[in-house]
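For reference, the structure is listed below as structure tokens.
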Amino acid sequence: MSGRVHVGASIAGALILSVMSGVVCAQQGTTPAEEPWAVGRPKADAALKLAPVAAFPVPTAPDKLPKLKVPAGFKVEVWASGILDARSLRQGDKGTVFVSSLFVASKVYAITDKGGKREVKTIVDKLELANGIEFYKGALYVATPKQILRLDNIEASLDSPPKPVLVTDKLPGDAHHGWKYLRVGPDGKLYVPVGAPCNICNPDERYAAIFRMNLDGSGVETVAKGVRNTVGFDFHPVTKELWFTDNQRDWLSEDMPVDELNRITAPGKQHFGFPFCHSGLMTDPEFGWGHTCDEFVKPAALLGPHMAPLGMRFYTGKMFPQKYQGAIFITRHGPWNRTKKDADVAVAFLDKNGRVTSIEPFLTGFVANNTYIGRPVDVMTMPDGSILVSDDHAGAIYRVSYGR
Amino acid sequence: MVASETPFRNVHPKARRHTLLRRVLLTVAAAMIAGAAQAQDMTARWQEMCAACHGPAGRSEQADVPSIGAQPVLFTAIQLFLFREGRRTGTPLADAMTEVAKQLNDSDLRSFADFVATLPPPPPEDGPVDEAKFRRGMDVARARRCEVCHNPDYSGREQMARLAGQREDYLTKALADYKAGRRVGAQAAMLEAVAGLSDEQLGELAYMLSRWRKQ
């Protein structure tokens with residue numbers, strides 16, 4: 001691979017490089033107390049115990065994996081274990097399951113099914129924060145905070161992956177919320193988000209948005225603005241509208257803001273609120289002055305405080321009961337910025353007009369004694385209609401099937 | 001640098017580095033032999049593989065080599081993992097540590113991390129304290145809320161390192177590496193935590209943490 005990605009430009013990096021890149025965060029204070037990253041942090045004792053949750057750098061042994069629960073009639077099994085830091089899931093035309101990773105492993109794996117036994121190969125190594133992957137027309141696309149790379153005809157060369165072709169290296173490159181989620185849309189364009197390089201700030205227009213571009217990296221357009229950090233989206237199977245999950249800011253309170261499921265009905269024309277309005281419910285204590293939430297698109301559904309919804313898929317498989325047709329499976333990675341931990345794969349049911357009518361927990365059992373024993377990241381439908389769910393905490397992939 | 005703390009204080013810097021490197025190489029050789037004998041108890045493996053550089057009780061007397069006594073289990077495991085995977089490289093010491101870590105299997109990561117956590121925490125750096133500088137370091141730490149993750153006594157927890165009593169030269173280097181993006185932790189949190197701090201402020205922070213005492 002092309003070696004280490006430039007991950008130095010977080011907020012400070014962005015400030016230092018501001019001459020070059022033109023980045024100006026709204027709150028570049030001169031005293032440390034005013035730095036953007038520290039804004040809004042509480043001093044309460046319970047809050048002082050909160051910090052991002054890291055996983056042990058060794059996958060959980062198969063017999064120690066969480067005993068997950070599913071609704072009656074469904075079955076959950078471990079599809080693959082020993083997959084350190086398993087994040088995004090994509091499947092190739094020939095059946096290969098590609099799995100990305102994020103902070104810990106810095107690898108992309110290829111898993112092939114050899115008569116019920118899974119064979120794991122590392123096809124990309126030491127590529128920092130390469131969370132975003134997509135498979136399209138024989139090629140695997142891999143996104144880092146700075147670049148999108150393409151590995152052509154990948155399934156024919158899993159043992160000696162091809163030299164990556166550079167699609168673009170024009171992404172801002174910040175480590176903070178710089179990891180990507182990648183999809184090729186029904187329009188054949190590559191959809192790429194760029195998160196806000198902060199917990200809460202008002203960054204320039206290269207951030208806090210979803211973009212799309214041609215497969216060669218040209219023709220970049222803004223699809224949605226005011227998106228703090230989306231790490232999962234999918235296209236409605238009928239309307240082709242893009243729906244996305246969005247992670248709201250930290251440190252406001254235990255129960256606010258509430259993370260969002262959003263629906264884009266007018267690509268390029270809609271603003272989803274960040275940093276002015278959160279959850280469609282409240283203006284930001286710092287950036288919300290002079291604004292009202294009515295200026296922005298309301299969420300299609302609320303997914304829980306600090307719940308960190310990540311991957312999502314509309315279900316179009318043939319295996320699950322009829323009521324799941326067109327419903328959305330959403331992984332909720334679970335909060336770190338909240339004293340009460342919770343994580344699951346939820347299912348959102350929609351009516352004929354595309355309105356969310358209810359959200360129910362679907363795959364549960366990731367938390368024991370208020371501690372994570374697993375954390376779901378991405379969800380993908382398999383050709384037989386079963387779904388796969390990745391878990392970056394336990395380093396495993398689960399399969400949920402129905403019947404038999 | 002805290003040259004007075006090193007056993008090589010009267011030696012020319014270049015010779016000192018050579019001696020240090022030779023010692024590291026011997027450790028690597030010892031590690032390769034030790035790797036074959038899985039069943040050894042952890043104290044023996046520690047003495048053989050780690051103690052020469054990190055100190056018999058986990059307090060380092062070597063420039064640029066961290067004290068690792070009483071580091072949280074998850075922190076040590078992740079660092080060993082990053083070294084083993086070749087993701088903390090770029091200096092002779094880091095490269096030497098990579099060679100050591102390559103001898104470790106997954107279960108070793110856990111055993112060594114567990115063992116290191118049982119070693120005593122390193123005491124504060126010796127000598128008189130420049131109170132004004134110490135206070136400036138405290139101001140930086142408070143402004144950046146270092147204690148939110150690293151605990152009010154800087155003892156560390158989970159993936160977040162113990163900082164109290166760490167060598168000043170090592171802290172200075174580590175903070176500079178985070179700031180420059182040369183080092184990424186188990187999460188991206190440190191990148192933003194040191195964002196915008198001057199070298200002088202990083203130095204004051206390192207000065208304070210290396211001498212931290214219960215206030």
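Only the coordinates and a few stated rules stand behind these numbers; no lab work does. Remember, predicted model here, so these are calculated numbers, not experimental data. In this analysis, Cβ positions are derived from the backbone assuming ideal geometry, glycine residues included, and neighbour counts consider all displayed protein chains.
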Divide the volume of the convex hull of the Cα atoms of segment A:277-380 by its number of residues and quote the answer in cubic angstrom per residue.
116 Å³
In the neighborhood of B:A117, defined by Cβ-to-Cβ distances under 13 Å, what is the net charge if each Lys or Arg adds +1 and each Asp or Glu adds -1?
+1
Please list log₁₀ I(q)/I(0) at q = 0.10, 0.11, 0.13 Å⁻¹ for segment B:69-215, using the Debye equation with identical point scatterers on the alpha-carbon positions.
-0.34, -0.42, -0.58
FRET efficiency, A:T239 to B:E147 (Cβ-Cβ, R0 45 Å, nearest 0.05)
0.35
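R0 = 41 Å: FRET efficiency of A:D204 with B:A44, Cβ-based, nearest 0.05?
Approximately 0.10, to the nearest 0.05.
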Suppose a student asked you for the relative contact order of segment B:131-210, using Cα pairs under 8 Å spaced at least 6 residues apart; what percent would you report?
44 percent
Shielding by partners - mean other protein chain Cβ count within 10 Å, residues of B:194-203:
4
Using the basic label-point model (7 angstrom from Cα toward the beta carbon), what is the B:D126 to B:E61 distance in nanometres?
1.0 nm
Distance from a point 7 Å along Cα→Cβ of A:A266 to each backbone N in segment A:220-234: keep the residues under 13 Å and list them by number.
A:225
Cα-based Rg and Dmax for chain A, where Dmax is the largest Cα-Cα distance (Å)
20.1, 64
Once segment B:131-210 is represented by equal point scatterers at the alpha-carbon sites, with solvent omitted, what log10 I(q)/I(0) does the Debye formula produce at q = 0.11 Å⁻¹?
-0.23
